[in-house]
1. Which trypsin sites (Lys or Arg not before Pro) in segment A:1-74 sit in a loop by DSSP (not H, G, I, E or B) and have at most 14 other Cβ atoms within 10 Å of their own Cβ?
2. Across segment B:218-231, in residue order, what do the Karplus-derived ³J(HN,Hα) couplings come to in whole Hz, using 6.51 cos²θ - 1.76 cosθ + 1.60 with θ = phi - 60° and x for Gly and Pro?
3. Would you mind classifying segment A:114-184 by shape? Square roots of the alpha carbon gyration tensor eigenvalues, ordered a ≥ b ≥ c; an a/c under 1.5 is rounded, otherwise it is prolate if a/b is larger than b/c and oblate if not.
4. So, taking all protein chains as they sit and a 1.4 Å probe, how much accessible area belongs to B:Glu260, in Å² rounded to tens?
5. Loop-only trypsin sites (Lys or Arg not before Pro) in segment B:25-97, please: DSSP not H, G, I, E or B, and at most 14 other Cβ atoms within 10 Å.
6. Mind pulling the angle between the C-alpha long axis of helix A:260-272 and the longest principal axis of chain A? Nearest 10 degrees, somewhere in 0 to 90.
7. So, for segment B:91-191, what is the accessible surface per residue at a probe of 1.4 Å, expressed in square angstrom?
8. Ignoring ligands, DNA and RNA, what percent of the 1.4 Å accessible area of the protein assembly as shown is carbon and sulfur?
Amino acid sequence: MDIVSTQALGKRYGSTTVVDDLHLRIPEGCVYGFLGPNGSGKSTTMKMLLSLIAPTSGRIELFGRPMTRETRRDLLAGVGSLIEAPPGYGHLTGAENLRIVQRSLGLRNDQVERAVRTVRLQDQMDKKVRHYSLGMKQRLGIAMALAREPRLLILDEPTNGLDPAGIEEIRGLLRHLASNGVTVMVSSHLLGEIDKTADVLGILSGGRMIFQGSRTDLTSAVTPDVLIDTVDPSRVGPVLRKDLPARVDGHTVRVSGIDDRTTARVVEDLVGAGAGVFGVRRDEQSLEDVFMSLTSGGRP
Amino acid sequence: MTTETRSVHSVRLEPGAATLLRNEIAKCRHLRIGLVTALLAVGIVGLTLVGTLAGASTDGDLTAALPLAGLSLAVPVASPVILAILASRAVDIEHQGGGWLLGRTTGVAPGRLCRAKLGVLAAAVAVGTGGASVVVALLTRALGATGPVPVSLWLGYTVAAIVVSLVVLAVQVLISARIDNQLIPLGVGIVGTVVAIAASAFPSWAAHLTPWGYWSLIAAADYAGESVVTLQPSYVSVVALALLATAGVVVATRRLDRQEV
């Protein structure tokens, strides 16, 4: 079951389209990595899911129920979130901050204590939040979101500004939450920050979803270039068809976006022309390369 | 347990008014709201006493109207900036701590949050201003004022002064909520002081134009040449201001509630 789904979700400010025709599918129990460069519409999408802003078009379903004015209150009771900067009144202690959330939501003490233990902040609760490090503030924000025992946790760039240890700590926390049945939607503009944690990835560019699926799907979404090593590159030019996106780099011919059948034909042509083919391989691509290729206007 | 029942029953969004007020009182911890309110009261009493004693020394006699004139001048001098400080301190924590967004995710829209803040601060300001008025009244007797104390006038003035103060407080809370940079609402408080002091020299219609001007309209006593005379506060104006301000607060906070983040 999809815990979140959207149909043709869109948001426009005047003539500027921020999110366009978004079909989001978040399966229950997964960590969903929501990726895209800054300004791609991730935060706007998350805010629409949380009813913080109203969509211009489209529909949202949470927990299998459509989000409407009537259902919104019920549905959002099951959603914890951390949007933009982590919340926290600096002049109050961590415990006092959580007590405000506890009172607002009518939570029991054990729910709050469990959330605090989950983010391992139990020894820092009597310290004023203004004296917290950024990582501690993030953890407090996550504890506030977790205290209601949500089925869905929406985290907007929770690793922003954290050092590598802090990032790893958040990753571990996300894995822990997912293993306990919480569906986590986490956004980032850096693939490397969440690709090891996310089960499903959604990539947004210019407000449009350009990819949604597993990491394996992502790698195969962009066909790697074919590299053909030749002994005599001067014989390559006349052979290659003009519609093939190819370029010669030294003794290597790089051909983009061709399938295996076309690769075989190109190699056959080069051999026939006497180019002396001695190596054929696909260029290895990291997930980061694929991500960059997709978000910089490359093919989905 | 079905998915629906769990999402419905695990927590409740949109807490009641009592919970909101308790939260706002809790947030006031370490903000020195009590101290600033005490400063308001001390400021009003202090300025009233200075004015009264200065007036008494030239007059040679201390009538009960003299402290009332001092009070009518001290309230507009002491209140605007302190009200701006109170509002700014209570609201700025929401800007700094991501409180508006946190409130929304717990079912408390910004306008509702502002109304709760206004409720808590209003209680403090009412106690501060009303308390100062009572202290001045008691001191009037202790200082040996002659003639009867105009109790109904004093009471009327005190209530009217509290109403005007609450309207100004509401304006300051709304400005502080709309503007991140709290120097601006504090600047408005300073300008408000100038308007409040100068308004006694304004024609009546001009004093009606800003909330700060209403303090001059409710003055219960003033100097007429060398002597002090009691005045009739413009209660109608204050009631009209209160009604207009209530409507304005409702409209402005509902607009804040609908505002996207």
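The values are calculated or read from the model by the stated rules, or taken from the named source; none is laboratory data. None of the values given here were measured: they were computed from a predicted structure. Because the Cβ atoms are built from the backbone with ideal geometry, glycine has one as well, and the counts that use them run over all protein chains shown. Side chains are part of the model used for accessible areas, which takes the heavy atoms of the whole protein and leaves out ligands, DNA and RNA. Shrake-Rupley method; radii C 1.70, N 1.55, O 1.52, S 1.80 Å.
1. Those that pass, being in a loop and sparsely packed, are A:Arg69.
2. Rounded to whole hertz, the list is 9, 3, 8, 7, 7, 7, 10, x, 8, 9, 9, 10, 7, 10.
3. oblate
4. Rounded to the nearest 10, that gives 70 Å².
5. Passing sites in segment B:25-97 are B:Arg29.
6. 30
7. 37
8. Here carbon and sulfur together make up 58 percent of the probe-accessible area.
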